[in-house]
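So the structure is just underneath, and the comments pick up after that.
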Amino acid sequence: MGLLNSFCRKSPKLLKLYSGSFTVDRGKRVLVRTLPSKFPKDIVETIGSLVVDAFKEANEAQVPLRQLEISYPSFKITARELQGGAIVFLSQNNFSPAHTTPKSV
Amino acid sequence: MMETTDPVTLTRQRILVVDDDPAILETYKGLLEQLPSKPEIHTTVSGQRALAMLEGGGYKVLVCDLKMPKMDGLQVLSIVRRKYPMVRTLAVTGVVDEQFRSRVYSIGVDLYWHKPTNEQEMKQFLECCESLLSPDDGGFRGVQSKSLMDIIQLECMSQSSSVLRINNGTATGKIWIQDGEVVDAETEGLLGEKAFLKIFSWETGSFETQHAEPGRQRTIFKPYNSLLLESAQALDEIRGGESSKEQEPSDASRLAQINGVEFVLAIETKSGKTAFARGLENPEGVAAWTRRYIQKFEELGERLHTGHLGQIDGLGPQRQLTATRRNGTQFCIGWKNSMDREEAREVVKKVISLWAC
């Protein structure tokens, strides 16, 4: 039974990711969001702050950018620059059939 | 301190000359006063004083020596370019140094001149000054002591459309520039890139800018900086052919030769050192941006449990970039907006695999 207990250990709680969007102003304040209220506010603020800084610093480095796309295996952040602020789209990546293990014949 | 001011005449253009040698200033003053537009010449021996004088306004041209005590010419010129973008700037130096030339042009100075040493050079120098004074002047035009690379870079960076006619002895060549890109070249029965390379190999000659020909069929599709880079490398190889025929281009230099690549930056992840940079005006700034945001978005990925960061794609008004990390190296690769997404992905893969070799 002790063996089975090890399978019953609580797994770390995964944050559920959602698709949606929000806008952030140049002062990094989140203005409007279409994300569910369950999605943590601090994460939205962190993403908003990161993209605003990334646009600003890219400009300072003489590679001005109007859009950023940050790709993870299961998630994508797309941010468009808006007069110093940004509109940010969060989307979950669906695994395409090409990424699944081929069935054995 | 030497400082002179002629009586102010509103209709006369004003030139400010800065040089730490009062005798040279006197010579400049005497010569420039003879220009056909009869400009008003002001002089000073210090960069700081020059900035104070410019603050008063009304100067059309600044002629600045590069080697000066306390505040050198590069410092003065970079401040002037930033604070007074309407003032046309001309850097003069007695030192023949290509690095100096590149630095001067990188801060946006209109013209770079070696101090004239003979009558012919003096005549050309005065013609340049006069052309900078002309009110409808959209940039320097005419014969000058600048390299062809400088001329093409200037035309392309200013997004110009023009035809550059180049004379080299009895040979004549033409380079067509459209909206800041080299679109075609022609000389001695050659066309396109072959003609461009041939013209590019001419070390001396005269240049003339003609009106743009928008209808010219495009035969060159590479971004101008890739074209210049490849041509310079090809020339180096041709010139160094006898001494090092077996020498292969390094892996690093092959990175910048990939079609469509505007810039390549490779950074060692552990040390944060830039291992390779090509095609960037501000490699350190871009390296800092790449390091910082790869790290920040990786941390975000860990927090969200989304898996490792794949890449950061940026779309700018003129070019796109991809920042990514592979096997202990961070990359930032830039390409022209005209390239489509799939092509760009292939380019990124190619750069990374070449680097891995």
Per the rule of 0.36 nm per residue minus the C-alpha distance, extending B:Glu299 to B:Leu126 adds in nm 56.4 nm
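On a 19 Å Cα-Cα criterion, which of the cross-link pairs A:Lys16/A:Lys76; B:Lys270/B:Lys349; B:Lys174/B:Lys194 come out too long? Can you show the working numbers first?
Values: A:Lys16/A:Lys76 14 Å; B:Lys270/B:Lys349 22 Å; B:Lys174/B:Lys194 12 Å.
Violating the 19 Å Cα-Cα cut-off are B:Lys270/B:Lys349.
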Ranked on Cβ counts within 10 Å of their own Cβ, fewest leading, B:Ile294, B:Ile177 go B:Ile294, B:Ile177
Sparse-neighbourhood loop hits (GluC sites (Glu not before Pro), segment B:28-69; DSSP loop; Cβ within 10 Å at most 15 others) -> B:Glu33
Expected sort for B:Lys123, B:Lys198 with the fewest Cβ neighbours (10 Å cutoff) up front is B:Lys123, B:Lys198
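If each residue's Cβ is checked for other Cβ atoms within 10 Å, how do B:Glu237, B:Glu262, B:Glu193, A:Glu69 rank with the fewest at the top?
Details: B:Glu237 13, B:Glu262 23, B:Glu193 20, A:Glu69 17.
Going from sparsest to densest Cβ surroundings: B:Glu237, A:Glu69, B:Glu193, B:Glu262.
Let me confirm one metric for peptide B:312-319, namely the mean number of other chain beta-carbon atoms within 10 Å of its residues' beta-carbons. Walk me through the intermediate numbers first.
Values: counts 7, 7, 12, 7, 8, 3, 2, 3.
Mean partner-chain Cβ count within 10 Å for B:312-319: 6.
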Where a ≥ b ≥ c are root eigenvalues of the Cα gyration tensor, a/c under 1.5 meaning rounded, otherwise prolate if a/b exceeds b/c and oblate otherwise, segment A:20-94 counts as oblate
Other residues with Cβ under 9 Å from the Cβ of A:Lys28 give, with Lys and Arg +1 and Asp and Glu -1, a net charge of -1
Of the candidates B:Pro22, B:Ser37, B:Tyr59, the farthest towards the positive dipole end of segment B:3-140 (Lys/Arg Cβ +1, Asp/Glu Cβ -1, centred on the Cα centre) is B:Tyr59
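Coordinate-derived values only; no laboratory data. The model shown is predicted, which means the values in this text are computed figures rather than measured ones. No Cβ is skipped: glycine too gets one built from the backbone with ideal geometry, and neighbour counts run over all protein chains shown.
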